[in-house]
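Enquirer: Sending over a structure as structure tokens; questions will come in a sec.
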Amino acid sequence: MRSPRNIWAVVMATGNGFRRMEDSGRFCPFTGDEYFLENALQRAAALTDPSMICTVVDGRHCDSWSGPCDFLPAQNVFVQPKDCGTAPAILLSLLHLEARDPEAIVVLLPADYQINDETVIARSLESTIGLATTFTEVVYLLGAEPDIAVSELGYIVPSCVKEDASAAVSMFVEKPNAAQARRLIAKAGLWNTFILVGSVAALLRLYGRTFDSTVGAIRQAIELDSRTRVPGRALRAVYDQLEPSDFSRAVLELHHDKLRVFRIPGCGWTDLGRRGRSARRQPAMAAGVL
């Protein structure tokens, strides 16, 4: 699929959404010799032109991400001085894109998940991008149909069940216990894939007044660093003052009324960042049993 010229893909390769193998320092594998970041970048390449693919990385792990990112323009690699969680990481990428393309439609792609059937999620992304291009005030979140009850994941409860369409978000439930997970599935709850699509302006509005000072500080740091011989100094000073913040809890859960969820049909989506998940899986309770 090739999308309109203002479609930007951002691969999240830092914070809670990305992990490195402790023994080798390399990116955790999907299968064989394929690795997290490489797979995510390939997925992004199916959505838009390589010149419009970006990634957010941790400056402390340059040895790990520099190789996979070689094909990207240098200005498309957004380097965080340190990990302060997913909320600042996503904000950093959005402010970079806002400065370059205020009309951008942004696809946020985590780097720590696997999909057995790529064609299914590709069709879902194509549909969601079309919606976000038409309804630029709305942010769309992709939710995967659960096949089992898993406690380690976040769940999205839609207001109604719609096939091949989006629905309002009733609530988020983060890491429910096994019994709660089964009840959520019986109520058509979806796994939170953390894949978001929306205009850069709509995504920035999700941060609300709570993040006003952080938005202003990072926006100013980006501008200052673009005019200095020591790039990154201003941003480093801002990050030194930041408290860690999780995008799901600090942003999405507080503004679920501004989101719509698009249901991904069964495609074998798996969050590979959840260690030991397969060992703790619980079978879903039969429909109608709450």
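The values are calculated or read from the model by the stated rules, or taken from the named source; none is laboratory data. Just so it is clear, the model here is predicted, and its values are computed rather than measured. Here the Cβ positions follow ideal geometry from the backbone for every residue, glycine too, while neighbour counts run over all protein chains shown.
Enquirer: Please find, among S24, S93, the residue that is farther than 22 Å from F262 by Cα, of a type in the set (S, T, Y) and at pLDDT 90 or above. Steps first, please.
Expert: Values: S24 fails: at pLDDT 90 or above.
On inspection, the qualifying residue turns out to be S93.
Enquirer: While we're here: Which members of the stretch 66-101 meet the condition of being surrounded by fewer than 18 Cβ atoms within 10 Å (Cβ to Cβ), under 17 Å from T48 (Cα atoms) and not hydrophobic (A, V, I, L, M, F, W, C)?
Expert: Within the stretch 66-101, P73, Q75, R100, D101 meet the criteria.
Enquirer: Next question, about the same structure. Contact list please: Cβ distance under 6 Å, first residue in the stretch 61-86 and on the phi < 0 side of the Ramachandran plot and outside any loop (DSSP other than H, G, I, E, B), second residue of a type in the set (D, E, K, R) and modelled with pLDDT of 90 or more, pairs at least six apart or on different chains.
Expert: Within 6 Å, the pairs are T86/D246.
Enquirer: Quick check on the stretch 111-126. Is at least one of its residues modelled with pLDDT under 95, within 16 Å of V57 (Cα to Cα), crowded, with 22+ Cβ neighbours inside 10 Å and within 16 Å of the chain's Cα centre (by Cα)?
Expert: Scanning the stretch 111-126 turns up at least one residue that is modelled with pLDDT under 95, within 16 Å of V57 (Cα to Cα), crowded, with 22+ Cβ neighbours inside 10 Å and within 16 Å of the chain's Cα centre (by Cα).
Enquirer: Could you check, for the stretch 247-254, whether at least one of its residues is surrounded by 19 or more Cβ atoms within 10 Å (Cβ to Cβ) and part of a loop (DSSP other than H, G, I, E, B)?
Expert: No: the stretch 247-254 contains no residue that is surrounded by 19 or more Cβ atoms within 10 Å (Cβ to Cβ) and part of a loop (DSSP other than H, G, I, E, B).
Enquirer: Related question: For the stretch 129-159, what are the residues that are surrounded by fewer than 16 Cβ atoms within 10 Å (Cβ to Cβ) and either small (G, A, S) or without any contact (Cβ under 8 Å) to a residue 12 or more places away in the chain (or both)?
Expert: G130, T134, F135, S159
Enquirer: Restricting the search to the stretch 121-164, which residues are under 20 Å from R5 (Cβ atoms) and among the aliphatic types (A, V, I, L, M)?
Expert: Hits for the stretch 121-164 are A122, L125, I129, L131, A132.
Enquirer: Please count how many residues of the stretch 103-140 are out of contact with any His (no Cβ under 9 Å at 6 or more places or on another chain), under 21 Å from V200 (Cα atoms) and either of a type in the set (F, W, Y) or assigned to a strand (DSSP E or B) (or both).
Expert: Looking only at that region, the number is 8.
Yes or no, residue by residue, for (1) within 18 Å of the chain's Cα centre (by Cα); (2) under 19 Å from S93 (Cα atoms):
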position: P158; (1), (2): no, no
position: E174; (1), (2): yes, no
position: I185; (1), (2): no, no
position: S199; (1), (2): yes, yes
position: T214; (1), (2): no, yes
position: Y239; (1), (2): no, yes
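Enquirer: Within the group R183, R205, which residue is surrounded by fewer than 21 Cβ atoms within 10 Å (Cβ to Cβ), within 18 Å of P158 (Cα to Cα) and in contact (Cβ under 8 Å) with a residue 40 or more places away in the chain?
Expert: Details: R205 fails: within 18 Å of P158 (Cα to Cα).
After ruling out the rest, the residue left standing is R183.
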